[in-house]
Every structure is written in structure tokens, then in C-alpha cells.
Amino acid sequence: MSAWKRGNEPLRAPSRLLLGPGPSNVAPSVAAAQGSAPVGHLDPFHLSVLAAIRPLLRQVLGTGNELTFAIPGTGTTGMQAILESLLEPGDGVLVGSCGYFGGRLAEASRRLGAEVTLVEGEWGKPLALDALRSAAQGKKMKAVCVVHAETSTGVLQELPGMSELAAELGALLVVDAVTSAGATPVEMDARGIDALFTCTQKGLGCPSGLAPLSMSARAVEVMKARRSPVPSFALDLGLHAGYQAESPVYHHTSPSGSQLALHEALRLIHEEGLAARYQRHAEASARAVAGLETLGLELLVPKEQRIPHLLAVRVPEGVDDAKVRRHLLERHSIEIGGGLGQLKGKIWRMGLMAEGARPRSVDKLLEGLKEALKSS
Ligand SMILES: *Cc1c(COP(=O)(O)O)cnc(C)c1O
């Protein structure tokens, strides 16, 4: 009873400036949409929200694909749904990885019984197309999987040539665009990507909770031609497509607040304009890089290979990585990320995404960082 009483007060989230690898801050209207009263998953209003999201999402992803929508979950769920829906045991899958997130594509494919050929490049560098091609040895593959923006290292993977390689192997090109969509062009159709997934909480400027994704007509054919049903009932994209269809068939209770928030975030993106939005991210990045260099800090990745809105910054010799991050969080309420895997303790990851990609946020980060470095 007393324990219940002590906890019987509403908990309020602190107001943070989110400048890590995600989540990012959201616009007030997106937060308001997220908190709106629930409506039923078959309510005509909710169905109209879903119908409005699909074309807006197609524009951001640069695709005309019919199968384009957001399912409940996060970027990880999007990856799982696409792999579950396409792969069958024994399928050959070529995965290119030079970071933590590439490794997950391989691991998730293996767990589905696929025969994975993993090409591991150096962390902090992009993948070489030739290394992928020679590892495949001309073998027939079901999918070629790569990460567009490798958030663990800050490298933006060039995609030209990837779809040609996939075609040579008879494979679908599957791309993790979790950190790129909304902040830098994804161009799904122009780049010949067959299946792509992202999240809401990074470049799109929305709370986490959904996995926007898209599959080409060719990928849908492959899904329909499976010998066995999709192992996961929850993540079967054929069933999700049935719910997103003209006459929706119940599959799950769609989170109405999350979908409404995604609609608002996409609406804001289109109000701003994609080109202007990418430009804003590039400018915030340039401002941050200049300031970081003034502080004597070095970036892990050279400019031409860098994700503009996700900067991997080397932790200087003798500086305590965790202490600096704690100082930023406790004194300035600013969140940045630490390194993952082999880069743990070696880099900080600073994201300037969505609402964070503004001069004011960059300046606050630089001020806080200057102070944190002094006191570390
Ligand atoms: C964040 C991230 C993910 C995972 O997304 P969640 O929304 O955290 O599940 C996957 N891939 C990349 C490249 C990411 O940056």
C-alpha cells in the first residue's frame, strides 16, 4: 500500500536535447499527435491516416512501391519483418558489413536458416563493391543486404553498383536505411533497392514505435512465391499489406497515436521540402564539424564518406568518454552516444537529426562539450 502510494504520482520525462544516434527531438505538433486520444484500428479516421501516410512515405523514400507503410515496432522490427518475409531456410544471402548494424543483418538472416556469406570490411570505411562481388563467387543469392548509413561508425555507404551486383546474383537488394531516411536522400527506386526499412525516431523526427518500410513489386513476387509460410505471423508483410489494403483485414491493433505522429512528422517534412531539409542537415553538420575542429577534436570518417548528420568523433587520448557524456547529460541535459562494439570508448556519436539539425542545437552541443572537456 505504502509502496503504491509513493509511486502514485505522474512521472514526467526530462526535457533533453537529443543529439545522439537516436532518438532525436520531435516538433511540438508531432508530440501532440502522439498523445492524441486513441481511436479504433478500423475507425475510418485511422484508416484515413494510414492512407495519407503511404504516399508521403513513398516520397521520402523515393519510391512508387505499392507495399509502403509503417508497422508497429522499431527499425529492428522492420529489418526482421523484411528478412522473415523474404528468406527461407537454405537461401543464400550476401551481407556486407563494416559496423555493428551490418553484423545484425547477417545474424538475423542466419537465425532464419539462410546461408550467409558475410563480407566484413574495416570499421570506419565503406564497403568495397569488388570485395562483395568476389566473395559471392557468382553464386545464386536470394538477397544482398547492406546498411546505407552505418550508425556505429558514421560511414555513409555509396549504393551505386549495388543493384547491378544483386542482379548478377539473381538477388534482391535489401537496405537498412534506419539512420538515413528523412535526413539524406534514400532514392529507393533510382538506386534499384528492392526492400528497405527505417525507423521513425531518427531522421524522420518522430518518437520511436514504428518501422516504416517498403518492398518493390519484385520483392513482393518473391514473398508470394515462398515454399513455406512466413515463420512470424506478427511480422508477415503479406498480412500487414492485407490490413493496409482498400478493404482492411484485421491483423493487429494499429497504434493510432504513433501513426498519427508519423503522419504529422511526414507532413512537416513535406512542408519544409525534402531538398531544403537535406540542406538544413548538411548545414548543421558543417557548423558542428567546424566547431568540433576548433575544440581540437577529430572525426573518424573523412568528409566524402561521412554521414552528414551522424558524426563519429574520436575521444581524445586521456579523456574519459563516459565522464564527458555524463557531464553533458547531467549539467546540460544533452544526450550524445558512445561507441559500439570495437569502437566502444573510442568515439562519441553525435547526431544532428530532424529537430536537432538546427544551429541552436549545434551551438549548445559545442558549448557543453567545451565545458565537459575542460572538466574531464
Ligand atoms: C538505430 C539503427 C537500427 C535499429 O533501429 P531501432 O529503431 O533502434 O530498432 C538499425 N540500423 C541502423 C543503421 C540504425 O542506426
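The values are calculated or read from the model by the stated rules, or taken from the named source; none is laboratory data. In this text the structure is predicted, and so the values were computed from the model without any measurement. Because the Cβ atoms are built from the backbone with ideal geometry, glycine has one as well, and the counts that use them run over all protein chains shown. All accessible areas refer to the heavy atoms of the entire protein, side chains included, with ligands and DNA or RNA removed. Shrake-Rupley method; radii C 1.70, N 1.55, O 1.52, S 1.80 Å.
Show me the GluC sites (Glu not before Pro) within segment 268-323 that DSSP assigns to loop and that have at most 13 other Cβ atoms within 10 Å of their Cβ.
Hits after loop and neighbour filter: Glu298, Glu317.
By the scheme Lys and Arg +1, Asp and Glu -1, what is the net charge of all other residues having a beta-carbon under 12 Å from that of Leu86?
Net of charged neighbours comes to -2.
Which aspartates and glutamates does Lys364 reach when only Cα atoms under 15 Å apart count, and residues fewer than 8 places away in its own chain are ignored?
Glu330, Glu335, Glu355
Could you list, in their original order, any pairs among Lys125/Lys224; Lys344/Lys370; Lys224/Lys344 whose Cα atoms are separated by more than 30 Å?
Beyond 30 Å: Lys125/Lys224; Lys224/Lys344.
To the nearest 20 debye, what charge dipole does segment 60-193 have about its Cα centre, counting +1 at the Cβ of each Lys and Arg and -1 at the Cβ of each Asp and Glu?
In debye, rounded to 20, segment 60-193 gives about 200.
Rank Leu127, Leu42, Leu67 by mean-square fluctuation in a GNM of the chain with C-alpha springs under 10 angstrom and give only the top-ranked residue.
Looking only at Leu127, Leu42, Leu67, the biggest GNM fluctuation is shown by Leu42.
Mean-square fluctuation check for the chain, GNM, Cα pairs under 10 Å: which of Val155, Val175, Val116 is largest?
Of the options given, Val116 has the highest mean-square fluctuation.
Near Lys142, which aspartates and glutamates are there with a Cα under 13 Å away, not counting those fewer than 8 places off in the same chain?
Once the sequence-local aspartates and glutamates are set aside, what remains near Lys142 is Glu84, Glu88, Asp91, Glu115, Glu168, Asp194, Glu221.
Hey, can you grab everything whose amide H is under 5 Å from the amide H of Leu17? Only 5+ residues off in sequence or another chain; H modelled, so Pro and N-termini drop out.
Here the answer is Ile334, Glu335, since their amide H atoms fall under 5 Å of that of Leu17.
Ignoring any ligand, DNA or RNA, what whole percent of the accessible area of the chain comes from carbon and sulfur when the probe is 1.4 angstrom?
About 54 percent, which is the carbon plus sulfur part of the accessible surface.
Using θ = phi - 60° and the Karplus form 6.51 cos²θ - 1.76 cosθ + 1.60, what ³J(HN,Hα) does each residue of segment 145-157 get, whole Hz, x for Gly and Pro?
10, 9, 9, 6, 10, 7, 5, 6, 10, x, 9, 8, 7
Filter the trypsin sites (Lys or Arg not before Pro) in segment 318-376 to those in DSSP coil with at most 14 other Cβ atoms within 10 Å of their Cβ, and list the result.
Lys344
Write down the Kirkwood hydrodynamic radius of the chain, to one decimal in angstroms, obtained as one divided by the mean of 1/r over all alpha carbon pairs.
Hydrodynamic radius (Kirkwood, Cα only) of the chain equals 21.4 Å.
Rolling a 1.4 angstrom probe over the protein heavy atoms, how many square angstrom per residue are accessible across the chain?
43 Å²
Just want the answer: with Cβ charges of +1 for Lys and Arg and -1 for Asp and Glu, which residue in Gly170, Phe45, Gly75 is farthest toward the dipole's positive end in segment 28-270?
Phe45
How many angstrom lie between the Cα centre of segment 201-257 and the Cα centre of segment 14-90?
10 Å
Looking at segment 60-152, which GluC sites (Glu not before Pro) are DSSP coil and have at most 13 other C-beta atoms within 10 Å of their C-beta?
Those satisfying the criteria are Glu122.
If you average the sequence gap of Cα pairs under 8 Å that are 6 or more apart and divide by the length of the chain, what percent do you get for the contact order?
24 percent
Treating the beta-carbon of each Lys and Arg as +1 and of each Asp and Glu as -1, no other charges, what is the dipole magnitude of segment 28-270 about its Cα centre, to the nearest 20 debye?
Magnitude of the dipole: close to 180 debye.
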